[in-house]
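A.B. asks: Below is a structure I'd like to ask you about.
The values are calculated or read from the model by the stated rules, or taken from the named source; none is laboratory data. None of these values were measured; they are calculated from a predicted model. Virtual Cβ from ideal backbone geometry, glycine too; neighbours counted across all protein chains shown.
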């Protein structure tokens, strides 16, 4: 198996975790290296306040790594992360696939579309003008015409 075959089999993953110390990120990086994962992005380590206590701690250090690895290595990697006592919580996911959206900014001219627009009345023409103000006598005459 050469390097090109290995490139094809690698999948993208992301591991995010809560650690009890700042050094937890280095420990996770060492575990990733042990399973021959290639780290693409290492997120910053930030101390956060937890919404509820986890293992009697109110704060934790959050960090994440985006990496490439063989799919077979994820289960043992996950098992080893769960055995570490200074990792409160962790999650290994596959990031969503980014789809390239092509936008067609210039549409070809279609004469049939242009003609249909001309036959339809414009929005301005659809709005009728306000009726003229009629006197009481004229209103009575109109009512009589309608009732007859």
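A.B. asks: Considering only the stretch 57-79, I want to know if a residue exists there that is surrounded by fewer than 18 Cβ atoms within 10 Å (Cβ to Cβ), over 22 Å from residue 97 (Cβ atoms), touching a residue at least 60 places away in the same chain (Cβ under 8 Å) and in contact with a strand residue (DSSP E or B) (Cβ under 7 Å, 6 or more places away or on another chain).
C.D. replies: Checked against the condition, which is being surrounded by fewer than 18 Cβ atoms within 10 Å (Cβ to Cβ), over 22 Å from residue 97 (Cβ atoms), touching a residue at least 60 places away in the same chain (Cβ under 8 Å) and in contact with a strand residue (DSSP E or B) (Cβ under 7 Å, 6 or more places away or on another chain), the stretch 57-79 yields no hits at all.
A.B. asks: To continue, here is another question. Quick check, is residue 4 surrounded by fewer than 11 Cβ atoms within 10 Å (Cβ to Cβ) and modelled with pLDDT of 90 or more?
C.D. replies: Working: surrounded by fewer than 11 Cβ atoms within 10 Å (Cβ to Cβ): yes; modelled with pLDDT of 90 or more: no.
The answer is no for residue 4.
A.B. asks: Being closer than 22 Å to residue 9 by Cα and touching a helix residue (DSSP H, G or I) at 6+ places or on another chain (Cβ under 9 Å) narrows it down to one residue among 61, 65; which is it? Reasoning before the result, please.
C.D. replies: Working: 61 fails: closer than 22 Å to residue 9 by Cα.
Every option except 65 fails the conditions.
A.B. asks: Pick out the one residue from 12, 30 that is outside any strand (DSSP E or B) and either within 28 Å of the chain's Cα centre (by Cα) or over 22 Å from residue 97 (Cβ atoms) (or both). Working first, answer last.
C.D. replies: Details: 12 fails: outside any strand (DSSP E or B).
Going through 12, 30 in turn, the sole match is 30.
A.B. asks: Does the stretch 43-53 include one or more residues that are closer than 14 Å to residue 12 by Cα and in contact (Cβ under 8 Å) with a residue 24 or more places away in the chain?
C.D. replies: Let us first name the residues in the stretch 43-53 that are closer than 14 Å to residue 12 by Cα, namely none.
No, the stretch 43-53 contains no residue that is closer than 14 Å to residue 12 by Cα and in contact (Cβ under 8 Å) with a residue 24 or more places away in the chain.
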